[in-house]
There are 2 protein chains.
Amino acid sequence: MSAASAPLYRDAGAPVADRVRDLLSRMTLTEKVGQVNQRMYGWDAHERTPEGHRLTDAFRAEVAAFDGMGALYGLQRADPWSGVTFADGITAADAARVADSVQRHVMSSTRLGIPVLLVEEVPHGHQALDGTVLPVNLAVGATWDPDLYEAAAAGAAAELRARGGHVALVSALDLVRDPRWGRAEECFGEDPYLAARFTRALVRGMQGDGAAYAPDRAAVVLKHFAGQGATVGGRNSAATELGPRELHEIHLVAARAGVRAGAAGVMAAYNEYDGLPCAASRDLLTGLLRGRWGFTGLVMADGCALDRLVRLAGDPVAAGALALDAGTDLSLWDGCFPRLAEAVERGLVSEDALDTAVARVLTLKFRLGLFERPYVDEAAQQTSQQPELSERLARESVVLLSHDGPTLPLAEPSRIAVIGPNADALPQQLGDYTAPQRPGTGLTVLDGIRAVAPPGTEVAYARGCDLVGGDRGGVAEAVALAAGADTAVLVLGGSSAREADTRFDSNGAAVVASGAPAGMTCGEGVDLAELELPDGQLALLDAVAATGTPVVVVLVQGRPHAVPELSGRARAVLCAWYPGPWGGRAVADVLFGRAEPVGRLPVSVPRSAAQLPVFYNAKDHGYRGYVDQPATALYAFGHGLSYTTVEYGEPRLSRTQAPVGDPALTCTVAVTNTGARAVRETVQLYVRRVAGSSSWPRVRELRGFARIDLDPGELAEVVFVVDADTLASLDRALEYAVEPGEVLLETGPSSDRTRCARLTLTPAAAPG
Amino acid sequence: MSAASAPLYRDAGAPVADRVRDLLSRMTLTEKVGQVNQRMYGWDAHERTPEGHRLTDAFRAEVAAFDGMGALYGLQRADPWSGVTFADGITAADAARVADSVQRHVMSSTRLGIPVLLVEEVPHGHQALDGTVLPVNLAVGATWDPDLYEAAAAGAAAELRARGGHVALVSALDLVRDPRWGRAEECFGEDPYLAARFTRALVRGMQGDGAAYAPDRAAVVLKHFAGQGATVGGRNSAATELGPRELHEIHLVAARAGVRAGAAGVMAAYNEYDGLPCAASRDLLTGLLRGRWGFTGLVMADGCALDRLVRLAGDPVAAGALALDAGTDLSLWDGCFPRLAEAVERGLVSEDALDTAVARVLTLKFRLGLFERPYVDEAAQQTSQQPELSERLARESVVLLSHDGPTLPLAEPSRIAVIGPNADALPQQLGDYTAPQRPGTGLTVLDGIRAVAPPGTEVAYARGCDLVGGDRGGVAEAVALAAGADTAVLVLGGSSAREADTRFDSNGAAVVASGAPAGMTCGEGVDLAELELPDGQLALLDAVAATGTPVVVVLVQGRPHAVPELSGRARAVLCAWYPGPWGGRAVADVLFGRAEPVGRLPVSVPRSAAQLPVFYNAKDHGYRGYVDQPATALYAFGHGLSYTTVEYGEPRLSRTQAPVGDPALTCTVAVTNTGARAVRETVQLYVRRVAGSSSWPRVRELRGFARIDLDPGELAEVVFVVDADTLASLDRALEYAVEPGEVLLETGPSSDRTRCARLTLTPAAAPG
């Protein structure tokens, strides 16, 4: 057979659509089903041998069963759930070789030689041995720095590709609308605009521009579509009660941005929307996503999510048909999609529908260049800048919640007591979805303070109490330490650190049926009802504060805990989220003034669980508060102090009236550093609709922000371009439009400290 | 002019539709606007004189302004908001005369002589001086006795008509989906089926059967349509985030039942649904209510609700047009509908739309017979049985939450210490929306105990603490009393009692901006964040329990407070809700065993505000609970103990398989009184869909209940007829249908103690 007669799908020069069509026409029903199948846990595909790694019989059988494999999930995943450790897992040194051996087997042992997609969890760095851990998304959101995150996302993609991975699963679309949810840490915050900015940065960083993927770029599947942040009671993967407008205004904004940025895929969420789990919602996956938005990428199911549809559909075959018909293309671990051939044969779903899904999988493989370059590109290997980027993100994510003025930064040599269950526990500053770390990786807060403190500083440490529970056994030692110190740094908060004895659900979520997993208060499957810190931590704080030694509290946490009592007992409170391996250094840099606190809250800090929900962009009904406490946040969205003082002028508009058809104008605000230290200020722009909108308006909505550096005494004018995107709201048809009426353009340092200018949006002239 | 030439609309024998058409054709635009206007506070329409009452100039001016008056709200309303007291208000003795003078003026001073509708608040009895107060709806819901409530509703209607009122505004449609909401007391509970049963009873009781109203029946306007129980955070009149399915499955069920029963009207709720306040929602008021449901009655706006639409529409004229176009027929206190003539003239809404609304108002007036019998029918005056019915409802509403067995009933003469801020405060057992009571009306719990206790019983009383706050000043006295007693009855809970210095919003809701209204924890505008009892009450309980004297707690409250700590300190806990004026006697009857505790929870009792929402019919996602507390109720929906023991057999089905087209069968359960006292048992029937439904099922759904009396040792078989109504669920088109699949039919004494039988629903045969 001459080269000219090679099948069209092998022709790298042919249009992808033609190659897909050609390949599809050659496939059997079984081969097609194989392409939408992602049943196997990747860590079961290989095993360590004295000589290296070898492929398992189970893997070979899975490939043989469908004469191909659509995707393999988590070949390199390592964590307590998978049970993979440095003893048996794939390290950076082995990764490319193992990945290539998987690929080689799939391509060489199947009739058509279609490459497999290697899919990996990259929620905040690749969840693999030697994968560089980034701060969790909630910390990323606190940086308000999408450019920095884009760089880190690019680095994570390069790291993934250098190890043979192709597709990164990344949480991006969920919002913290209820901080009881254990996955709050995976969200960029509570705000749709902020999440959209980071989602766009994520897609650009990981995928790059253009239709094809460079060898150091990865395809992104955005998690989760849609509304998962709105589950009832903050309960993981439960129902939402969302209506269309709330879904569109709040929960779909980031997804729309990700789709516009070209995301390769989205993952259908566990939660139901309007009575149907997302993977079964044709309205969402086909009507909205493909129809209205024109999305051409892949919809992947969440782990075992299709198995849950058996309850609706009656059996696994019908459940697979239901999901495929709704618009799900690729399954994950479930027993439904592997039986799609039966579904087609029983007439439950058409082979055309299957072809459509297969085509989407194949298209991604072509776009990734896997037919031409199936193996790791050795030239793409490079020295990673990821640890530095991780530390920079951590440094920028630290939010100074409260401060009495003189206590921070800690400049002079002194005696510092570092106390608390999160002061010296590296796993507790990493967040969920992290692999075991090599000994010596990273710095705890205690490490960071020791590394950064001026010469002559005495640093002493006591743990003080357990992370959870009410034990007071360690309090006395901590009090003694604090009493003899000039400053006590109390490192409190939460932990998502899985342990070897944590019990897991079939999808990797922690199981909490029989009480708290030891030492955990956060992460997937670990929802909290009450948001206070555990009793032991509060008792420790009380006791240390009672010594009279000035207390600085550092919160290392994956959700905003309700800490109304902290400000009275602490001279300063810093929130560091889960800052990653190098977060201890980042925190210390801020404590000692080697870095300014530049983080801003991406989420409201509530006063209590009893006042939930709390977010700045609530509907504007002028609610006066509960009789026993306000309905507002303790610390508002956008809040974050610095070590200097900054004054904001009134915003000034280039015009105060604009037609809806062409509302371009500028909004300028003067910002002055009136203090004695340099500052990086995050100037925020909100829109508040006051009259004439087609649906009930929110209190305010973030629509822009700018970060500026100001030396002491320096004044800068920040100019926001205000255009149709800034001013658009959802009209009655749920389309974005600029509606006539009155709006306020508000600028300020946080959502609760804004000044405003009024803009009149005049109706379009009636057609003459 | 001969009698034969009298206008058609005056012809009592002509069809109502013809009369309406004829009358409309004679009306000016101003007269039409007058018919949809209900601007005036009724208490401003009259004033007390030494000789009696006289109409005010303001009233005459209002009638003159539109040459007619559609409706007059609250002529007889008396409460701290209206400021009406026995010093200046309308008593039962005056009422008919004053109402007739209003009617006479309207009919005689206007061109067309159209009678006015006299509209009154009758949330739990007519909110007027001498109106008989019933227990609040939440107590009514706890009776699980719609027949008794129907009788009480009929009595309330007769009382209203005898005083000249025509239209009763009654809360019925809201559900307690968040007990933080201050209006929880106005709901029949959390469950749509239970609320629907009581709503139907309400409409039947008040209106009677048939198209015309008997002289002792009143027209009912059901409050509120729709979804008001689902406002975000339990915040009064805020947004809901509801989607269509949640709205239909939960929040519309009672409204649908009320419409089917022939309710004269519904009140559009304050809250927004999918971005629009209900009064502006054409989808709800026209598409659903009139279109799909075929409702032909009246939609009334809530108080000042249309004024809120100015923010959307731009000005009051446009706001009125928006509401009219949506389907609102009659306004309340707002400044929008009175300007509808301008809206028609500006072309914002058609005169046809106005005519439609006017026709609905006129139709009700014709159906009430007001053109023929505009004045109070003296023959309809009768001795009211209402106090007896009120006390019966109260007695049946008492729920025994927990009990150690021997403590209750209190049979022998003994020393009883009656303690607590709700023990002897009549206003605090009445609930919101109540008029001032005549001295000597009713019995407090203390009064009731004194009245009922066996001869020789020593009853002593101490208040112990304030209802709100943490003051411990009265604890010592209470402890001393308890220490010397054989039993301490602690009467704790909440209060919705308005006081003269309570501040009010323009719609009568309490204003809580600047801290708690003195002494109130509940009622309209008084939402709570935390659900525990106030500190002072808990301290009192602690101290009294520490004496070792057996403690019986009686909760008098308008919402389910979270009381996880009570059961450990109290031998028995009774929930009496707000039982009305004679509720103290009802409670005492139960305490002393003169009545059995037959109430069952119409709402879940949560463990804390942190675990909200809590309801038995949550979506069935197998949620395992928060890491720090369960997600389930402390006391489940349907729970309620008795003074005996009852055993339930397995439910037995007359067939275990049924076609969806004809699913008639019976479900039988044997119930045995295994104890030593007679019991009235509420046998509950739940449906649980386990496979094959078109949307995600709930844990279980109440679909039937039966109340049976059993003597000691007696066994009874309860037979439930299971039919399409029992088994229907909302299909994909949001229509009720029996869907094929598997369901469990569950019977038991509460939602958390059921046994089940499996039923297979087979698909309809394919058309041959």
### Query
When Cβ neighbours within 10 Å are restricted to other protein chains, what is their mean count per residue of peptide B:611-617?
3
#### Entry: Efficiency of FRET between residue B:100 and residue B:629 - r from beta-carbon atoms, R0 60 angstrom, step 0.05
0.50
### Summary
With residue A:681 itself left out, Lys, Arg at +1 and Asp, Glu at -1 over residues whose Cβ is under 14 Å from its Cβ give -3
### Task
Compute the Rg/Rh shape ratio of the stretch B:391-611: radius of gyration over Kirkwood radius, all on alpha-carbon atoms.
0.95
### Task
Considering the convex hull of the alpha carbon atoms of the stretch A:1-108, report its projected area averaged over all viewing directions, in nm², one decimal.
8.8
## Note on the structure
In short, the stretch A:692-723 residues buried by 40 Å² or more of accessible area relative to the isolated chain (1.4 Å probe) are A:696
### Task
For the stretch A:170-249, report the convex hull volume of the alpha-carbon atoms normalised per residue, in Å³, without decimals.
97
## Note on the structure
Taking every residue of A:529-541, the Cβ atoms of other protein chains inside 10 Å of its Cβ average out to 2
### Task
Would you tell me the mean number of C-beta atoms belonging to other protein chains that fall within 10 Å of each C-beta in B:227-240, as a whole number?
5
### Query
For the protein assembly as shown, what number results from the quotient of the Cα radius of gyration and 2.2 N^0.38 Å?
0.96
### Task
For a label point 7 Å from the Cα of residue A:407 along Cα→C-beta, name the residues of the stretch A:469-490 whose backbone N is under 11 Å from it.
A:487-490
### Query
Dividing the Cα convex hull volume of the stretch B:646-762 by residue count, how many Å³ per residue is that?
82
### Query
Classify the stretch A:418-549: rounded, prolate or oblate, from the alpha-carbon gyration tensor (a ≥ b ≥ c, eigenvalue square roots; a/c under 1.5 rounded; otherwise prolate if a/b is larger than b/c)?
oblate
#### Entry: Set of lysines with alpha-carbon distance to residue A:365 below 22 Å, sequence-local pairs under 8 removed
A:32, A:223
### Query
How far is the Cα center of the stretch A:1-69 from the Cα center of the stretch B:205-225, in Å?
71
### Distance from the stretch B:412-468 to the stretch A:705-730 (C-alpha centre basis), Å
64
### Query
Once you charge only the Cβ atoms, +1 for Lys and Arg and -1 for Asp and Glu, what is the size of the charge dipole of the stretch A:477-635 about its Cα centre, to the nearest 20 debye?
460
### Query
Alpha carbon centre of the stretch B:557-631 versus the stretch A:638-688: separation in Å?
51
### Message
Rounded to two decimal places and with Rh computed the Kirkwood way over Cα pairs, what is Rg over Rh for the stretch B:372-428?
### Response
1.22
### Message
How large is log10 of I(q)/I(0) for chain B at q = 0.11 Å⁻¹ when the intensity is taken from the Debye formula with one equal scatterer per alpha-carbon?
### Response
-1.20
### Message
Taking all protein chains in place and a 1.4 Å probe, what share, in percent, of the accessible surface of the protein assembly as shown do carbon and sulfur account for?
### Response
50
### Query
How do A:250, B:708 stack up against each other in accessible area, from largest to smallest, with a 1.4 angstrom probe?
B:708, A:250
### Summary
In the neighbourhood of residue B:376 defined by beta carbon distances under 13 Å, the net charge of the other residues (Lys, Arg +1; Asp, Glu -1) is -1
### Message
Under the rule a/c < 1.5 gives rounded, and otherwise a/b versus b/c splits prolate from oblate, where does the stretch B:3-374 land using the Cα gyration tensor?
### Response
rounded
## Note on the structure
Neighbours of residue A:67 by Cβ distance under 15 Å: Lys/Arg at +1, Asp/Glu at -1, summed charge +3
### Query
If r is the Cβ-Cβ distance from residue B:47 to residue B:345 and R0 is 30 Å, what FRET efficiency results, to the nearest 0.05?
0.25
### Extension reserve of the residue B:109-residue B:441 stretch, reckoned as 0.36 nm per residue once the Cα distance is removed
115.5 nm
### Query
Cα convex hull of the stretch B:73-152: how many Å³ per residue?
118
### Query
How big is the antiparallel share of DSSP beta bridges in the protein assembly as shown, given as a percent to the nearest 5?
55
### Rounded to whole Å, sorted largest first: equivalent-ellipsoid semi-axes of the stretch A:544-687, Cα gyration tensor
32, 24, 14
## Note on the structure
In debye to the nearest 20, the charge dipole size for the stretch A:329-466, taken about the Cα centre with +1 at each Lys and Arg Cβ and -1 at each Asp and Glu Cβ, equals 300
### Message
Within 10 Å of each candidate Cβ there may be at most 14 other Cβ atoms; applying that plus a DSSP loop requirement, which GluC sites (Glu not before Pro) in the stretch B:1-85 survive?
### Response
B:51
### Query
Mean residue ellipticity at 222 nm from the helices of the protein assembly as shown, using -39,500 (n - 2.57) per DSSP H segment of n ≥ 4 over the full residue count, to the nearest 500 deg cm²/dmol?
-7000 deg cm²/dmol
#### Entry: Where B:520, B:40 fall by accessible area, highest first, once all protein chains stay in place (1.4 Å)
B:40, B:520
### Message
To the nearest hundred square angstrom, how large is the accessible surface buried between B and A, total for both chains, probe 1.4 angstrom?
### Response
5400
### Message
Compute, for the protein assembly as shown, the length of the dipole vector about the Cα centre, with Cβ point charges of +1 (Lys, Arg) and -1 (Asp, Glu) only. Units Debye, rounded to 20.
### Response
1560
### Message
Keeping every protein chain present and rolling a 1.4 Å probe, give me the accessible area per residue for the protein assembly as shown in Å².
### Response
31
### Task
Tell me the label-point distance for the pair residue B:91, residue A:64, using the 7 Å Cα-to-Cβ offset, in nm and rounded to one decimal.
9.8
### Task
Could you order B:561, A:403 by accessible surface area, starting with the largest, using a probe radius of 1.4 Å?
A:403, B:561
#### Entry: Positive-end residue, the stretch A:646-762 charge dipole about Cα centroid, Cβ charges, pick of A:676, A:756, A:712
A:756
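The values are calculated or read from the model by the stated rules, or taken from the named source; none is laboratory data. None of the values given here were measured: they were computed from a predicted structure. Don't worry about glycine lacking a Cβ; one is built from the backbone with ideal geometry, like all the others, and counts go over all protein chains shown. Quick note on the areas: whole protein, heavy atoms, side chains included, nothing else; ligands and nucleic acids left out. Shrake-Rupley method; radii C 1.70, N 1.55, O 1.52, S 1.80 Å.
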